[in-house]
Amino acid sequence: MTKKRKETPKIRAEFRKKYDQRGRKTDFTKDFQADQGQLDDVASAERISGKGRLTRKRTVSGQVDETGQSGFQIELEIDPALCLQGRAIRVSGLKSVVRTPRGDFDCATRGLLKSLATDLQNVVVAGDLVTIQPTGGQQAVIVRVEPRRNTLSRTSKGKQQIIASNVQLSLIVASAAQPDLKPNLIDRLLLSIEKTGIQPVIVINKIDLVELDQLMPLIGCWAQLGYPVHLVSAQTGQGIPRLRNLLRNRESVVNGQSGVGKSSLLNTLDPGLGRRVGEVSAENEKGKHTTTLAELIPLSFGGYIIDTPGIRQFQLWDIIPAEVESMFRDIRPYSHRCRYPDCTHTHEDDCAVKSGVADGLIDPRRYDSYCQIRSDL
Ligand SMILES: Nc1nc2c(ncn2[C@@H]2O[C@H](COP(=O)(O)OP(=O)(O)O)[C@@H](O)[C@H]2O)c(=O)[nH]1
Ligand SMILES: [Mg+2]
Ligand SMILES: [Zn+2]
């Protein structure tokens, strides 16, 4: 059921002077980072206004839903007649490229939105749905950022950094052989996606190199847990049409070890992409500095692939050891039946998880994966 929203009167909000560094550091910077960078949280008037010098007043209009929770939006003197809706497909610092029905626009970010940026958090990230106000030619200013459905993050300088938003699928690409299939690595990548709300999809490439029978028990285990598995070969084209249908009109991020065939797969899916095969991607090139965290690459059949040139691999950010059990869908149902409430399911007596493994209710390989991930954290 969709939540009903009703308009509330405009609220006069007071903001600190634009370049008041002290204000930025003490007030909403913290909240901004804690709240997944969602502008609607940041914009609630009290938190933005401080007790110090107030130099400007702005009108903020907000919405309150039936549950009484505020969903404030920054909405500053926007003239709807002049504005366009679009999607940020590339962001470098405060410059973005926004794709709209009227073509791509080079955009700056409007002053007040800009003042919400911190060292780590960009106000606009690739994937954001934005409103822009053209300023002439294909130039524009971003005046509004829609709340994000979900975010893709990494840890940088000990903090969570958002690199892309509104991602629908996360492809975990592995190879059946050359390099060997590493099921525990797949489990690890599944775990790192579990919290984001992005749908994971396991893609096993290079199936031309193996007998499929060998893979079936593994695939059955993941499928039973609700993770879709695609068996493909970039070389023979097996499984490609089905994967293409999945990616069509969606935004997908591609993840997986080097050499498993990610570039080959993208080329087979959409030959126009022209990805270089057999090359270590830019992410590993030493000395190459890029400020573009993520980029949306349009697919000829609709949708986007999200490229993350600056990111080596998605880490298990933000997960504490005690959380791991709850993120293993197959271990979670047993984890509260142990004798000790803080059971780690590794060395304790009367452990329901270990009993589950012994009784054949939990896949021993998945349990092994659990132990490995826990000990690595
Ligand atoms: N046999 C076979 N080899 C493949 C397949 N896909 C990719 N390769 C090879 O695997 C190597 C690495 O491919 P690449 O696309 O660069 O992998 P990436 O590092 O994940 O982007 C290249 O030598 C490809 O030719 C496939 O489906 N079958
Ligand atoms: Mg590659
Ligand atoms: Zn236990």
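Odds and ends about this structure:
- Nearest-0.05 FRET efficiency for Cys371 and Asp349, computed from C-beta distance (R0 25 Å): 0.90
- Linear extension gain, Ile78 paired with Arg339, 0.36 nm per residue minus alpha-carbon span: 88.0 nm
- Each residue in Arg244, Arg87 was given a count of other beta-carbon atoms within 10 angstrom of its own, and listing them fewest first yields Arg244, Arg87.
- Burial ordering of Leu265, Leu82, Leu171, Leu129, fewest other beta-carbon atoms within 10 Å first: Leu82, Leu129, Leu171, Leu265
- Working from label points 7 Å from Cα in the Cα-to-Cβ sense, the Met216 to Leu361 distance is 2.7 nm.
- Above-threshold pairs, the threshold being 29 Å between Cα atoms, out of Lys95/Lys159; Lys182/Lys354; Lys159/Lys206; Lys262/Lys354; Lys95/Lys182; Lys157/Lys195: Lys159/Lys206; Lys262/Lys354; Lys95/Lys182
- Taking the fewest neighbouring Cβ atoms within 10 Å as the starting point, the ordered list for Ile162, Ile172 is Ile162, Ile172.
- FRET efficiency, 1/(1 + (r/R0)^6) with R0 30 Å, evaluated for Ser300 and Thr135 via beta carbons: 0.45
- With the largest listed first and rounded to whole Å, the semi-axes of the equivalent ellipsoid of the range 80-147 from the Cα gyration tensor are 18, 12, 11.
- Over 17 Å [Cα-Cα, the range 321-376], rounded percent: 24 percent
- Overall dimensions of the range 130-194, expressed as equivalent-ellipsoid semi-axes from the Cα gyration tensor (√(5λ), whole Å, largest first), are 36, 15, 11.
- Full extension of the chain segment joining Leu94 with Gln235 gains 46.7 nm, where the gain is 0.36 nm per residue of separation less the Cα-Cα distance.
- Phi angles across the range 95-104 convert, under the Karplus curve 6.51 cos²θ - 1.76 cosθ + 1.60 with θ = phi - 60°, into 3J(HN,Hα) values of 9, 9, 9, 10, 8, 9, x, 9, x, 8 Hz, Gly and Pro given as x.
FYI, it's all coordinate maths here, none of it is from the lab. Since the structure is predicted, the reported quantities are computational estimates derived from the model, not experimental observations. Ideal geometry is used to build each Cβ from the backbone, glycine not excepted, and the neighbour counts take in all protein chains shown.
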